[in-house]
Structure formats: structure tokens, C-alpha cells
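Heads up, the thing below is written out as C-alpha cells.
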Amino acid sequence: MSMEIIELDSALPETVYRRRHLKADGRELFLYGYEQPCLEALPEMADERRFGGELRHHPLRQDWSIYAAARQNRTYKPSAANDPLAPSVSGNPSTEIPFEHFELAVFDNRFPGMHPETDHPVDNISGVHKEQANGKCEVIVYAPDQTGSIATLTQAQRLLLLRAWIDRYEALFAAGHKFILPFENRGDEVGVTLHHPHGQIYAFPFVPAVQQKAVEAFESGYELASEMQAWTQGYNICSAGGLSAFAPPFARYPYEVWLAPHTRRAGPWAFNAEELEGFAFLLGEITRRYDTFFGRTCPYMLSLQAAPAEHQDTFHFTAQFYPILRGPERLKYFACVEHATNVYTVDVMPEETARVLRDI
């Protein structure tokens with residue numbers, strides 16, 4: 001039995017191992033853990049491969065969208081008994097992870113919007129620029145348990161998650177991708193179709209417009225670190241390990257929170273051991289405070305905004321939480337004016353966000 005198991009470098013003292021496994025349909029799967037993942041893979045079916053869609057450029061908005069018709073029929077809210085992100089059980093149909101135990105897993109999305117082997121678009125559309133969607137889409141499964149959240153993971157599990165994120169950043173940048181976005185959608189209200197705690201990682205063949213504007217702001221001299229220091233009095237929520245959680249004064253979502261290091265870092269790969277510990281703690285702490293404040297599981301979107309491949313000298317990393325509640329049972333609906341103009345109306349003052357979450 002051939003196993004590609006390596007020991008990852010880390011700023012932390014705990015050893016982390018990574019195992020590469022090629023699934024029956026040719027997709028990559030990586031197992032990460034503090035113990036060497038040496039279990040033998042169970043048999044699995046070779047499902048039909050899907051290779052992503054295409055990119056189309058909006059001539060008025062001046063940004064790109066991904067078109068992937070195969071995603072229309074992706075897995076939708078399976079029962080707990082049919083959880084595709086759970087460990088496989090010998091004698092039962094295989095899940096996406098053909099092992100009876102794992103600590104954390106990353107695998108190629110079965111229904112990708114982008115894929116390195118995507119064909120070049122063949123049909124021309126007048127006035128519309130089309131390109132290959134030759135990025136990459138991965139799923140990251142935080143733990144084998146079917147329930148839980150970043151808040152209920154142990155600190156050691158969150159640190160393992162960070163080490164896996166860093167490894168994927170390094171591998172995907174090395175493969176030539178321009179921008180890497182780890183993210184999590186949480187809750188039915190956000191549109192989650194698989195409830196097993198997990199996130200995703202998109203590797204883009206271009207720098208999206210939002211991140212390109214951030215690049216330009218940082219390269220023009222904007223210093224988030226100095227602004228964070230000035231905002232401490234009214235906007236800081238809590239701090240740990242050289243990072244702070246704060247409500248940005250320019251938040252666009254009610255109860256929006258950012259995490260950022262006090263010293264400019266391009267991404268988590270540049271964190272020292274103290275910052276990794278602090279970041280892992282704050283990820284769980286803010287999720288816990290959201291759930292406590294709203295009295296329920298808070299639906300949110302979480303994204304890790306690290307530097308694009310060619311802009312790491314000035315970019316300042318942030319992790320951004322976008323909850324979509326403006327009260328315990330009140331959703332924040334985005335209305336026509338917001339979608340049409342990208343001008344948001346924010347129902348909760350950021351100062352109030354900081355105050356109420358700080359007091360929990």
C-alpha cells in the first residue's frame with residue numbers, strides 16, 4: 001500500500017502530517033492530522049468527473065462571474081445517514097472521504113465552478129469576453145463529527161485547520177493561481193446544502209475586483225494597522241496573541257466583525273506561533289459570541305482575505321465575518337438598491353456591534 005505522508009513545517013511545536021490520496025474518480029484528497037493518517041482506504045465508486053464552467057466578464061460592472069451549469073444538480077441537504085462528509089463505514093456506500101477515521105480532510109469539489117482542466121470556451125458572444133474557469137475548488141471538512149462549529153472545535157482542532165489552510169495556500173499559489181479564498185457559509189439562511197461543519201477554498205486564475213481594489217488601497221498607502229490602533233476605544237471587541245476582533249467603522253453588514261493582526265501580515269503563512277494561537281482562539285470566540293448574542297446558531301459568511309500572489313509586500317490580512325441577522329429572528333435582506341448600486345444601508349451601527357459583542 002503506497003501512502004504519500006509528509007510532515008509539514010510549522011511555527012507551532014505540534015507536528016502535523018499530511019497524506020495525499022487519489023480518489024477513484026481521479027480527484028485529490030488530503031488528510032491532515034496530529035497522528036499519521038495511515039488507515040487503508042475503503043473501496044469507493046468512480047463517479048463521473050465534472051471539470052468546471054467558464055468565466056464571463058461583465059462589460060459594465062467590469063468584473064468576472066463563473067458560469068457552471070453542472071452545479072445546478074449538486075447534492076442538496078442529504079440526511080445525516082447520507083452525509084457525504086462523514087467518515088466512510090466498511091460495508092456501506094463510500095462517502096467523499098473513504099476512511100473510517102480522519103482528523104481533517106480537504107478534497108476537490110465534486111461539483112466545481114472552476115477546475116485546472118476546464119476547456120476553453122468555444123462559442124463567442126458579441127461584446128462579452130469569455131475565459132477558461134481554470135481555477136480550483138476544494139472542500140475542507142473541519143472534523144469527522146456531523147455537528148458542531150468553529151466555536152465547538154478545540155483549540156488544537158482550530159490550529160490544525162489553520163495549518164491545513166496554510167498548506168493549501170502554499171500549494172495553490174505554487175500551482176500558479178492568483179488569489180486564494182478560504183471561506184465558510186454557515187446556516188440555512190445563507191444557503192448551506194451540507195450541514196456537516198465544513199468550509200471551501202477557491203483558487204482563482206485572476207484577482208477579483210474587490211481584492212484588486214484592496215490591493216490598490218494598500219499600495220497607495222492605506223495602513224490598516226494604524227487605523228486599528230485608532231479605533232480601539234469604540235470598535236475593539238477582544239484581542240488575543242497579537243490580533244484583534246473589531247467592528248470596522250465602515251461595516252456593510254449588521255454585526256460585521258473582522259479579525260486582523262496588529263502587525264501587517266500578508267496571510268496566515270506569515271504568522272508567528274503566538275499569532276496562530278491568537279487567530280485560532282478568536283475564530284472560535286467570535287462564533288461563540290454570535291451564537292450567544294442571537295440566542296441561536298448564527299448564520300454567517302466567513303472569508304479569509306489574504307494577499308494575492310503578486311501583492312504580498314503591502315497587503316494586510318483580515319478574516320471577515322458577515323452575519324446575516326439584524327436580530328435573533330430578523331434576517332438582513334439585501335434590497336434592490338443594494339444589489340443594483342452596491343450601496344448598502346446598514347441597520348446596526350458598528351459602534352453598537354462592538355459594544356454588545358464586547359460585553360458577552
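The values are calculated or read from the model by the stated rules, or taken from the named source; none is laboratory data. In this text the structure is predicted, and so the values were computed from the model without any measurement. Methodologically, a virtual Cβ is constructed for each residue, glycine included, from the backbone with ideal geometry; neighbour enumeration extends over all protein chains shown. Only protein heavy atoms, including side chains, enter the accessible area calculation; ligands, DNA and RNA are left aside. Shrake-Rupley method; radii C 1.70, N 1.55, O 1.52, S 1.80 Å.
List of remarks:
- Checking Thr297, Thr263 one by one, the residue that is among the polar types (S, T, N, Q) and touching a residue at least 40 places away in the same chain (Cβ under 8 Å) is Thr297 and no other.
- Scanning the stretch 310-325 for residues that are buried (at least 16 other Cβ atoms within 10 Å of the Cβ), over 18 Å from Leu283 (Cα atoms) and out of contact with any Leu (no Cβ under 9 Å at 6 or more places or on another chain) yields His311, Gln312, Thr314, Phe315.
- Put simply, of Leu172, Leu194, Leu160 the only residue that is more than 23 Å from Ala273 (Cβ to Cβ), open to solvent by less than 30 Å² (accessible area, probe 1.4 Å) and not acidic (Asp, Glu) is Leu172.
- Flag not set for Gln132, criterion: under 24 Å from Pro84 (Cβ atoms), of a type in the set (S, T, N, Q) and touching a Leu at 6+ places or on another chain (Cβ under 8 Å).
- Test set (1) in contact (Cβ under 8 Å) with a residue 24 or more places away in the chain; (2) surrounded by fewer than 16 Cβ atoms within 10 Å (Cβ to Cβ); (3) under 25 Å from Ala273 (Cβ atoms); (4) not charged (D, E, K, R) - Ile140 fails condition number: (2)
- Number of the exception - Met114 against (1) aliphatic (A, V, I, L, M); (2) more than 19 Å from Ile66 (Cβ to Cβ); (3) assigned to a loop (DSSP other than H, G, I, E, B): (2)
- Sub-9 Å Cβ pairs linking a first residue in the stretch 268-284 that is under 15 Å from Phe317 (Cα atoms) and open to solvent by less than 40 Å² (accessible area, probe 1.4 Å) to a second residue that is among the hydroxyl-bearing types (Ser, Thr, Tyr) and in a helix (DSSP H, G or I), at least 6 apart or interchain, are Pro268/Tyr169, ordered by first then second residue.
- Candidates Glu54, Glu103: the one that is over 21 Å from Cys137 (Cβ atoms), in contact (Cβ under 8 Å) with a residue 12 or more places away in the chain, crowded, with 20+ Cβ neighbours inside 10 Å and among the charged types (D, E, K, R) is Glu103.
- Failed criterion for Ala105 (all others in (1) within 24 Å of Glu44 (Cβ to Cβ); (2) in a loop (DSSP other than H, G, I, E, B) hold): (2)
- Residue in the stretch 197-207 that is within 28 Å of Ser88 (Cβ to Cβ) and open to solvent by 60 Å² or more (accessible area, probe 1.4 Å) present: no
- Filtered by the rule that a residue be in contact with a strand residue (DSSP E or B) (Cβ under 9 Å, 6 or more places away or on another chain) and either open to solvent by less than 30 Å² (accessible area, probe 1.4 Å) or more than 30 Å from Asp145 (Cβ to Cβ) (or both), the stretch 213-240 gives Ala214, Leu224, Ala225, Met228, Trp231, Thr232, Tyr235, Asn236, Ile237, Cys238.
- Considering Thr341, Thr353, Thr314, the condition of being farther than 22 Å from Gly148 by Cβ and more than 25 Å from the chain's Cα centre (by Cα) is satisfied by Thr341 alone.
- Scanning the stretch 1-48 for residues that are open to solvent by 80 Å² or more (accessible area, probe 1.4 Å), without any contact (Cβ under 8 Å) to a residue 60 or more places away in the chain and assigned to a loop (DSSP other than H, G, I, E, B) yields a total of 8.
- The stretch 54-104, residues that are over 23 Å from Glu28 (Cα atoms) and among the charged types (D, E, K, R): Arg56, Arg61, Asp63, Lys77
- Among the residues making up the stretch 76-100, a single one is open to solvent by less than 50 Å² (accessible area, probe 1.4 Å) and modelled with pLDDT under 80: Pro78.
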